[in-house]
Amino acid sequence: MRGPGLLLLACLALAAQARAENLPLVSSEFGFRRAAFLARGMAARPVGMGEAFTAVADDASAISWNPGGLGFCRNAEGQVQYDNAGNGLSLVYGAVAIPVARQTLGLSLTSFSYGSYELRDADGVITGTREARDLAVSFSIAAANPPFLGGYTGVAIERVDEAVGGGALYGVSAGGLVPVAPGLRAGWAVLHLGTKSAGFSLPGSVRAGLAWLMSPRLRVAAEGGYGLTDKSPRVSLGAELLPVKAIALRMGYGHRGKDQSLGGLTGFGVGAGVRAGRFGLDYAYQPFGDLAVSHRFAFLYGLGPSAVERQEAEFEEAHVIALSTLGPKRTGETMISAELERDATQALRDASAAFAAGDQATAVSKATDAIKLNPFYWEAWQMKGNALHAQGDTQGAVAAFKKSLELHPDNPELRTFLTRIVPATPPAATAATKPSSASSAVASATALYVAGDIDGAWRKGSAVLTADRTNWEAWQLVGNCQLAKGDKSAALVSYRESLRLHPDNPPLKAYVDQLAR
């Protein structure tokens, strides 16, 4: 009999002797706990940060650190970790996160192997081998907090089956993250709480910490915690640096009083990660004194933006949020929560992508969604105006542009563009340039156009041209109506006829040049 098999049988013999003599199976120093492997940090990234991850928890592994952090997973993602724990021990961990509507679902599976041992018959002849393995499965859900609070809260339920130790154990975990300042968020978690079985329970713990996004490429974290079963306090510090888009470097230190007796570099963790498109690989090194060294490898797959892009967007949003949450808006006395700001920013990104792809209807819809979430979002108003203008809705575009300028007057480019659009609406004709009846008809048609009655304005303008084909103002009005109806080619013909009859119209000329491009 070799290695882990001998160790396993020795443990079984000690357990039997302890029970026969009514002795405690473990010392009071470490408590009566089962499924101790759950106390090991899951996933390579958190371990590389010294396990200071409660307030970071923004990927699929959040299910095992802080279920609320799953809310940050805006796209489906997953990871599989292999932990070579030394002395024949190994751990395989897998986690997936899937957004569904405004919630995120998570599923994790953990398998801890003690190695294999030989099976012998009564004569001592080897008849085979058997592997000793513990299994834990966990399901979680995370959802957004109320808008006034921001952040996310999640819960998880788990089932643990051990190779040795009796029936299954059930537990629950909960946690949340809340923004407390631009770039700074707080996290809390209560992990592995459950009922006792034969005097034993899961390795429950409570944790709380802070994570600060100091720059788009650097995040630092600190936390404290307490083991409810082993009565052990813990503090951790960690950092993650993204020097380039595809590389992450991590380092951290965690001090847990009873573990530090192992000596050496116990408590330190270092790690790195690389990304290539949707795929990634994380590595973490974690020593346990002279007893063992843990090497963790995690393979990742995720849809959506890269880690760097997400962090840069988070940093940008943090400073946008700072303008909205540290004081009243310029045009309103309300404050927008971090959650609404984040959703509004995402809606604007979707609108911009649709606009670039030529899908103006989606661009208008997404920009409108952003405005509903944050009515003071001047960039969303401008994007809506751009999309409406591209659709030929000049009147709607002008209204959106004016609202954007009302919220953000310091926008000379938009103001200049707006002046090129507004003059395209024909001014009232004057008696000096046209007969009184034609002037009155053009003015009446213009009023209909401004009121949104495009068909009525078109009919009146066309009636003026039937009587007088040289009325340049009527040609310009008809061009406006044609553009509003989506017929850009016809509008250009009408505008050019107006300019042929009345060349001294710089705003219309500039607008025609821009429209032709």
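The values are calculated or read from the model by the stated rules, or taken from the named source; none is laboratory data. Here the structure is a predicted model, which is why all the values come from computation and not from measurement. Positions of Cβ are generated from backbone atoms using ideal geometry, with glycine treated the same way; all protein chains shown enter the neighbour counts. Keep in mind that these areas ignore ligands, DNA and RNA; they rest on the heavy atoms of the full protein, side chains included. Shrake-Rupley method; radii C 1.70, N 1.55, O 1.52, S 1.80 Å.
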For the range 105-224, dividing by residue count, accessible area per residue (probe 1.4 Å) in Å² works out to 46
In debye, nearest 20, what is the charge dipole magnitude of the range 126-208 about its Cα centre with +1 on Lys and Arg Cβ and -1 on Asp and Glu Cβ, if you could check? 180
Between Lys245 and Thr195, what FRET efficiency comes out of the Förster formula 1/(1 + (r/R0)^6) with R0 = 56 Å and r the beta carbon distance, rounded to 0.05? 0.75
Across Lys366/Lys403; Lys460/Lys485; Lys403/Lys485; Lys403/Lys460, pairs whose alpha-carbon gap is larger than 21 Å: Lys403/Lys485; Lys403/Lys460
Over the heavy atoms of Glu406, what accessible area does a 1.4 Å probe trace out, to the nearest 10 Å²? 100
For Arg278 and Thr466 in one chain, what is 0.36 nm times their gap in residues minus the Cα-Cα distance, to one decimal in nm? 61.4 nm
Probe 1.4 Å, all chains present, heavy atoms only: Thr466 accessible area in Å², nearest 10, is 120
Figure the gain on full extension for Ala143 and Asp161 (residue separation times 0.36 nm, minus the Cα-Cα span) and round it to one decimal in nm. 3.6 nm
Reciprocal mean inverse distance between Cα atoms of the range 170-281 - Kirkwood radius, Å: 16.2
Which distance in nm do the two modelled labels at Thr129 and Glu406 give, with both placed 7 Å along the Cα-to-Cβ direction? 7.6
Can you give me the solvent accessible area of Leu300 with a 1.4 Å probe, rounded to the nearest 10 Å²? 30
Hey, rough spin-label estimate for Arg120 and Leu303, points 7 angstrom out along Cα→Cβ, what's it come to in nanometres? 5.5
